[in-house]
Protein chains: 2
Amino acid sequence: MAENKIPYKIYLDESEIPTQWYNVRADMKNKPAPLLNPATLKPMTHADLAPVFCDELIDQELDDTDAYIDIPEEIQNFYKMYRPSPLIRAYFLEKALDTPAKIYYKFEGNNTSGSHKLNSAIAQAYYAKKQGLKGVTTETGAGQWGTALSMACSYFGLDCKVFMVKVSYEQKPFRREVMRTYGASVTPSPSTTTEVGKKILEAHPGTTGSLGCAISEAVEVATHTDGYRYVLGSVLNQVLLHQSVIGLEAKAALEKYDVKPDIIIGCAGGGSNLGGLISPFMGEKLRGENDYKFIAVEPASCPSLTRGKFAYDFCDTGMICPLAKMYTLGSGFIPSANHAGGLRFHGMSSTLSQLYHDGLMEARAVEQTSVFAAAEQFARVEGILPAPESSHAIRVAIDEALKCKETGEEKTILFGLTGTGYFDMVAYQKYNDGEMSDYIPTDADLQQGFDGLPKVD
Amino acid sequence: MAENKIPYKIYLDESEIPTQWYNVRADMKNKPAPLLNPATLKPMTHADLAPVFCDELIDQELDDTDAYIDIPEEIQNFYKMYRPSPLIRAYFLEKALDTPAKIYYKFEGNNTSGSHKLNSAIAQAYYAKKQGLKGVTTETGAGQWGTALSMACSYFGLDCKVFMVKVSYEQKPFRREVMRTYGASVTPSPSTTTEVGKKILEAHPGTTGSLGCAISEAVEVATHTDGYRYVLGSVLNQVLLHQSVIGLEAKAALEKYDVKPDIIIGCAGGGSNLGGLISPFMGEKLRGENDYKFIAVEPASCPSLTRGKFAYDFCDTGMICPLAKMYTLGSGFIPSANHAGGLRFHGMSSTLSQLYHDGLMEARAVEQTSVFAAAEQFARVEGILPAPESSHAIRVAIDEALKCKETGEEKTILFGLTGTGYFDMVAYQKYNDGEMSDYIPTDADLQQGFDGLPKVD
């Protein structure tokens, strides 16, 4: 009965945008393992990290005890430009699937960056500005993070140097132009502008790059240029912290209508979106207040949670970054060239890795043709053209809803729709033309990556 | 004081989506001139139009007396997927301009079609479905209309045949793929699939097409295929009627905060967005209840209002459509190839043409480099990457705000932000690289178009 009163879109008021981020680590009994200094294998201190990251972001990175951290007013003001994001009841999808399940999605694509990445980009740019820096460096793959950071830097008048994975730089010239329009400089990676880039190019002359390479170059430039620091769009604890606005808003919107989700689903590359979406719900589960089923969805071609090892590893190919304990395929792992769907990082957020290791979260790997089938079905009934990354979550949400159809269960499903697919039409075209194929790495393929794992214990 | 309480975004509730469209013609003393049958030069009747358009849409096209027309429930339901659209107070732009003016914009780009076109597409698809048709045909230039119609047809299970201006088909493959993803067929125009296309190709072998050509082809297919009708995304009275939801929502949102705009600005190609935005405000002006200053903004390279003739003309190049009385550059006019900014139709909505002729609305022509400068400035402070078309309105809104800075006047400016520029990055790249130039047709250039005007009087 109350059911019928739930609107298609649930918007919160501007005044309901969270004023604090939620730090899920505070409620974790088993804390995520600390970053290690690769030279000494000792936990990284604030001083160790200071040449790389902004000071306040290091505090956030290392803080695993404070549950709530105030969002500075300037960031709250920027959030008002595009938040609260809508929570949408997928009435049209439910109807198309003929399922008794109730499906909701939190849509983070309604800003120019086209994805949730802006939530952390604006925070990181703010702290860089506050520290009096001139600019920041970063890497980007598909381009969503680079776009978001360019916008954020433009807003605060910071210089922004983006290293873009070469294959994306060439295949996605429009993403590059969006970043330039916001005033960023964009360099294809690996490049000859850095020592690590030159080294990688010498070893692999024809390489089209990887996220791991681009991270190495961005870190080198940040640590060798006065007034610059490096920022990262996923994986790190600080990023999950900022992204908690997604989950906090989603929870507040559902509570307005007394809705409690049974299953919460998110796509997982480095973990920024999934971590942000599930944080406040996971907090309740950790504190024993409520139970939820969480599902991380990753591509079968880059299956860090479902087939990776829980071990210390480098976050970058150049091996100049700290070691993180995470589910990883090895920093040398590069997904097959036929992989179109993003989420191609070899590792996974330490926080999410620990939660998964402790059995608090499930994971599922899906193949890309089935992901694009879900994307197209979703687009045709719900109207939004989803990013390939987001479509991993759509795939599993549809699968769970179809299970409900079989069993007759009226489960409530919430998933994160992280972004739009406007810049992914090359992949859609492949799918439309029937030219998309799947790829699942063999155990031997994966062993190569595992062989490169650093010896820590 | 109340001022400070105005949020960055004013959202209406789902329940505040208009349930009736407003028909501005009902309040016009001088009605727009009727469409004429080109063979007889007599006003087109319902029977004359029936082979081309859907029956109920013809009723709407010819109705200049009913002020309000009910929006069918199915269309209202679809509107809920992406409406109400936000009305945004441009606090960041005001600050960047250091102007006492208060600037608001109605943002229609927050749906997958990326523009306001969906408001009419869904209505036209609904009436086609209701009439039991199999499908519809249409033309598209930049692709916003074709995208919107593809979405709408997918929703109602209608076939959708799009003739896309050849130059756009080749330069905007991603737009084409979005349409295909929604299940439409897309043919580059002129094509050899129609008689009129063959004729045009014979006369102009190397032509890259024009909207006028594509309209001719789409009409031919509609009238020669059983169960099909032709639909159009602008110019027509019915389209302005559907687009009145933009103005109705904008007005309702402003009234929540007792705000009355002094100046209302919209870009104008065929007039769908401008007509929709200003309709309810114009109604008040026509009824003598309130006064507003309306400004239509068009490209200097396609200046139908500011330099065109108010005369009967064909809407298409193949001269198979009815004659419309409008400000026109002649159906043979094609904007220079260096023109990047959309809004390239040779004529203008009869309704808007009449209002302009009667001195109820102003018009201004702007050059494209200044339009892209405004687009970039807007993107960097407001965060939204605007479509080139929408940026014409931004240009004049900024100009008017800067005038206020000089005079110290605290005018309230409302403009329509019709869509996003994600598929226009080729043009942005040209601008970023300093390779964009302006073009203003000479009087002699325009005379060629005027020479082709039909002799009606």
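The values are calculated or read from the model by the stated rules, or taken from the named source; none is laboratory data. No experiment lies behind these values; they were computed from the predicted model shown. So basically every Cβ, Gly included, is an ideal-geometry build from the backbone, and we count neighbours across all protein chains shown.
Structure summary
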{"read-out": "Condition check for A:Glu195: out of contact with any strand residue (DSSP E or B) (no Cβ under 7 Å at 6 or more places or on another chain), more than 14 Å from every other protein chain (Cβ to nearest Cβ) and of a type in the set (D, E, K, R)", "value": "yes"}
{"read-out": "Residues satisfying the stated conditions in segment A:309-321, i.e. buried (at least 20 other Cβ atoms within 10 Å of the Cβ) and either among the aromatic types (Phe, Trp, Tyr) or under 17 Å from A:Glu217 (Cα atoms) (or both)", "value": "A:Tyr312, A:Phe314, A:Cys315, A:Asp316, A:Thr317, A:Gly318, A:Cys321"}
{"read-out": "Test: residue in segment B:34-56 that is buried (at least 18 other Cβ atoms within 10 Å of the Cβ) and within 20 Å of B:Gly247 (Cβ to Cβ)", "value": "no"}
{"read-out": "Flag for A:Leu343 being within 30 Å of A:Lys31 (Cα to Cα) and more than 14 Å from chain B (Cβ to nearest Cβ)", "value": "yes"}
{"read-out": "Sole exception among (1) touching a Leu at 6+ places or on another chain (Cβ under 6 Å); (2) within 14 Å of chain B (Cβ to nearest Cβ) for A:Ala373, by number", "value": "(1)"}
{"read-out": "Residues of segment B:433-451 satisfying the condition of being touching a residue at least 12 places away in the same chain (Cβ under 8 Å) and assigned to a helix (DSSP H, G or I)", "value": "B:Leu446, B:Gln448, B:Gly449, B:Phe450, B:Asp451"}
{"read-out": "Which listed residue is buried (at least 19 other Cβ atoms within 10 Å of the Cβ), in contact (Cβ under 8 Å) with a residue 40 or more places away in the chain and either closer than 30 Å to A:Ala203 by Cα or outside the structural domain of A:Ser437 (by TED's automatic domain parsing) (or both), from A:His346, A:His392", "value": "A:His346"}
{"read-out": "Candidates B:Ile88, B:Ile75, filtered to the one that is in contact with a strand residue (DSSP E or B) (Cβ under 9 Å, 6 or more places away or on another chain), crowded, with 19+ Cβ neighbours inside 10 Å, modelled with pLDDT of 95 or more and under 30 Å from B:Phe415 (Cβ atoms)", "value": "B:Ile88"}
{"read-out": "Inter-residue pairs, beta-carbon under 6 Å, first free of Cβ contacts under 8 Å to residues at least 40 places away in the same chain and in segment B:285-297, second hydrophobic (A, V, I, L, M, F, W, C) and surrounded by 12 or more Cβ atoms within 10 Å (Cβ to Cβ), 6+ apart", "value": "B:Tyr292/B:Ile264; B:Tyr292/B:Phe281"}
{"read-out": "Out of B:Asn77, B:Asn119, sole residue that is within 14 Å of another protein chain (Cβ to nearest Cβ), without any contact (Cβ under 8 Å) to a residue 24 or more places away in the chain and not small (Gly, Ala, Ser)", "value": "B:Asn77"}
{"read-out": "Criterion: of a type in the set (A, V, I, L, M) and on the phi > 0 side of the Ramachandran plot - qualifying residue of A:Val235, A:Val245", "value": "A:Val235"}
{"read-out": "Residue count, segment A:104-153 (criterion: surrounded by 24 or more Cβ atoms within 10 Å (Cβ to Cβ), charged (D, E, K, R) and assigned to a loop (DSSP other than H, G, I, E, B))", "value": "2"}
{"read-out": "Which listed residue is of a type in the set (Lys, Arg), assigned by TED's automatic domain parsing to the domain that holds A:Glu108 and either surrounded by fewer than 24 Cβ atoms within 10 Å (Cβ to Cβ) or at pLDDT 95 or above (or both), from A:Lys199, A:Lys260", "value": "A:Lys260"}
{"read-out": "Extreme residue, nearest to A:Ile69 (Cα to Cα), among residues of segment A:9-34 that are in contact with a strand residue (DSSP E or B) (Cβ under 6 Å, 6 or more places away or on another chain) and modelled with pLDDT under 95", "value": "A:Ile10"}
{"read-out": "Selection count, segment B:167-193, where residues are charged (D, E, K, R) and under 20 Å from the mean Cα position of the chain (by Cα)", "value": "3"}
{"read-out": "Output for segment B:80-108, where each listed residue is under 20 Å from the mean Cα position of the chain (by Cα) and either closer than 20 Å to B:Pro261 by Cβ or more than 10 Å from every other protein chain (Cβ to nearest Cβ) (or both)", "value": "B:Pro84, B:Ser85, B:Pro86, B:Leu87, B:Tyr104, B:Tyr105, B:Lys106, B:Phe107, B:Glu108"}
{"read-out": "Unique match (being within 13 Å of chain A (Cβ to nearest Cβ) and more than 28 Å from A:Tyr169 (Cβ to Cβ)) among B:Leu417, B:Leu385", "value": "B:Leu417"}
{"read-out": "Count - residues of segment A:154-192 that are of a type outside the set (S, T, N, Q), more than 10 Å from chain B (Cβ to nearest Cβ), over 19 Å from A:Gly135 (Cα atoms) and not in a strand (DSSP E or B)", "value": "5"}
{"read-out": "Test: residue in segment A:146-166 that is at pLDDT below 95 and charged (D, E, K, R)", "value": "yes"}
{"read-out": "Options A:Ala374, A:Ala365, A:Ala340, A:Ala324; residue that is in contact with a Lys or Arg (Cβ under 8 Å, 6 or more places away or on another chain) and part of a strand (DSSP E or B)", "value": "A:Ala365"}
{"read-out": "Flag for B:Gln429 being part of a helix (DSSP H, G or I) and either at pLDDT 95 or above or more than 14 Å from chain A (Cβ to nearest Cβ) (or both)", "value": "no"}
{"read-out": "Positions within segment A:208-257 being surrounded by fewer than 17 Cβ atoms within 10 Å (Cβ to Cβ), of a type outside the set (Asp, Glu) and farther than 30 Å from A:Asp13 by Cβ, in sequence order", "value": "A:Thr223, A:His224, A:Thr225, A:Gly227"}
{"read-out": "Residue match in segment B:271-288 (condition: within 21 Å of B:Glu367 (Cβ to Cβ) and aromatic (Phe, Trp, Tyr))", "value": "no"}
{"read-out": "Those residues of segment A:1-49 which are away from chain B (no Cβ under 14 Å), free of Cβ contacts under 8 Å to residues at least 60 places away in the same chain and of a type in the set (S, T, N, Q), in sequence order", "value": "A:Thr19, A:Gln20, A:Thr40, A:Thr45"}
{"read-out": "Residue check, B:Asp66 under 25 Å from the mean Cα position of the chain (by Cα) and either more than 23 Å from B:Gly416 (Cβ to Cβ) or not assigned by TED's automatic domain parsing to the domain that holds B:Ala387 (or both)", "value": "yes"}
{"read-out": "Restricting segment B:401-453 to residues that are within 26 Å of the chain's Cα centre (by Cα) and of a type in the set (Gly, Ala, Ser), the residue that is surrounded by the most Cβ atoms within 10 Å (Cβ to Cβ)", "value": "B:Gly419"}
{"read-out": "Any hit, segment B:275-282, residues being farther than 25 Å from B:Ala401 by Cα and part of a helix (DSSP H, G or I)", "value": "no"}
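Rundown of residues vs (1) closer than 29 Å to B:Ile6 by Cα; (2) within 20 Å of the chain's Cα centre (by Cα), yes/no style:
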site	(1), (2)
B:Thr208	no, no
B:Gly227	no, no
B:Leu236	no, yes
B:His242	yes, yes
B:Glu289	yes, no
B:Gly308	no, yes
